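Presented below is the structure to which this report refers.
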Amino acid sequence: MLNTVRVLLGLALISLLVFAAGSLARKKNQEDDRRWVKIMTLAAREQPAWESDQVFDLYYADPVVLIGRGAGWGLVRPTDSVANTEADLARQGWVSLGSLTHQELVMTLPDRKTRKRLADPEEPTLAGRSLRQEIGQQLAKLHHDRQGGYEQLDAFLDRPDGEPSPTDVLEFRRQGGLPLLPGPEVPEAGR
Amino acid sequence: MNTPCRILVLSAMLELIASAAASQVVFKTERENRYHVDPRLAKAAPEMVKAVHRFTPEDEHSIGRAAAAMLLEGHRIAEDQAAQRYLALVGRSVTITSRYPDAYAGYHFILLDSEEPQAYAFPGAYVFVTRGLLRLASDEDMLAAILAHELAHVQQGHGLQMIKNRHWKRFLRILGKATVEVLSEGLLRDLTPVLDSLAGDYFVVLTLRGYSRELEDGADSRALHLLERAGYDPSALVDVLERLKDLDHRSGVTSTHRDPKKRLKAIRKALVDKPRVSRAAARKQRFAEALGRLLTETP
């Protein structure tokens, strides 16, 4: 009886190890397929990118010049070392700041050549993606069913007399007899 | 259950957990059918991933925006721009003194042209209230109380918490069924499809079922704190709930929120030691000016 248990436990562990090893190999293969970053025409709320047009692609490890920032998004253009033509240099687009890194980056391409970028505080480098891409794809599938909802939402967000500025809010508070400084903070549960 | 059976169950569970760790491969497998993965594992792994995934503010915003679009398929945004701006000013007035004065893509307060009294808080800081719910408020402090309760859900991440719990339950259910199949082939034929979208999940959970009792109580407690910090009268939340409890329990906000009578008891207890805050006449006046016409219109 004890031997049976040992054999079954051994088989389970072997099966686990084989599966994990296979998964790692496939994951590496998958990373090779994820070497592109789409640089988009719009930022922030328009992402994930179903409503935005693609301006150009860059390889991972390609350096970019960060010329602007939105909420979580960076306006970038390719650097001289990446651009092939003058026209390339004139192109610019938005990319998630989560796709950029100033850290050293090593990427293995499908042909097994290695691309390496040293850490650079001036020119960030395009780095990896995450599960949010999967979420974006899932949401994109539903997008077609919700076109009217998106249009209504965007028309509202783009209204001329849009969201009040912090100055507007403070003036509103002053006129309403509300204190400009917040009351005491207390510990809270949650995040 | 004898020992060999237990070992088999343990073995199956280990295999499923390993598959969850390799979930991205499973996603790819389902899309492109390039790799062979046991279908039982393929069904369990995405649930595991959704349950443990740490959402970034960007993720939350994307999910909230998609859920908001779903909501707006069935509702119209009110056209009264003055009322919309007033709503946004009151909402921002509450957030600006809170621990989270800004959201990833900003806070959005949206008034819906609906007589059903209802409010929704979506991730990514989208807060919707209907004209019917605003009819319950008779001054700015009561409106701030309504918004503070919804903001508490947003700031404490209650929506995604609910979704994660739901995916944990699904994962464990599938795990259990798959384990049974190891012992008896064929029992898995009726396995419920599980690949709902996150936004779809969110929409269903929040618009049809509402938050759990614990999360509702937590939101009330946090709302009192938000109101206190913002300088509004926290007891305005009591006034709103007093009016809510007279509504039909099968419709509107009372169908997706906890029984107001039970909430009132907890809130009154929390307010015992709080100093009374006066409701300035200026706030009452501008409430009437901004919303008076909208709220007195015949439905």
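The values are calculated or read from the model by the stated rules, or taken from the named source; none is laboratory data. These numbers were taken from a predicted model, which means no experiment stands behind them. Cβ: placed from backbone, ideal geometry, glycine included. Neighbour counts: every protein chain shown.
If you go through the range A:158-186 and keep only what is of a type in the set (G, A, S) and at pLDDT 90 or above, you end up with A:G176, A:G177.
Rundown of residues vs (1) in a loop (DSSP other than H, G, I, E, B); (2) crowded, with 24+ Cβ neighbours inside 10 Å, yes/no style:
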site	(1), (2)
B:G91	no, yes
B:A105	yes, yes
B:P117	yes, no
B:G124	yes, yes
B:D141	no, yes
B:I146	no, yes
B:L151	no, yes
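Here B:R99 clears all of (1) surrounded by fewer than 23 Cβ atoms within 10 Å (Cβ to Cβ); (2) under 15 Å from B:A219 (Cβ atoms); (3) within 11 Å of chain A (Cβ to nearest Cβ); (4) in contact (Cβ under 8 Å) with a residue 60 or more places away in the chain except the condition numbered (4). In this structure, B:S93 qualifies as in contact (Cβ under 8 Å) with a residue 60 or more places away in the chain, at the interface with chain A (Cβ under 7 Å from one of its Cβ atoms), under 20 Å from A:D161 (Cβ atoms) and not charged (D, E, K, R). Contact annotation: residue pairs with Cβ atoms under 6 Å, 6 or more positions apart or on different chains, pairing a residue in the range B:77-88 that is more than 7 Å from every other protein chain (Cβ to nearest Cβ) with a partner that is aromatic (F, W, Y), are B:L87/B:F109. Scanning the range B:257-277 for residues being out of contact with any helix residue (DSSP H, G or I) (no Cβ under 9 Å at 6 or more places or on another chain) and modelled with pLDDT of 85 or more gives a total of 3. Selection of the range A:169-181 for residues being at the interface with chain B (Cβ under 7 Å from one of its Cβ atoms) and either under 17 Å from B:E289 (Cα atoms) or acidic (D, E) (or both) yields A:F172, A:R173, A:Q175, A:G176, A:G177.
Looking only at the range A:54-90, residues that are of a type in the set (K, R) and either touching a Ser or Thr at 6+ places or on another chain (Cβ under 7 Å) or modelled with pLDDT of 75 or more (or both) come to 1 in all.
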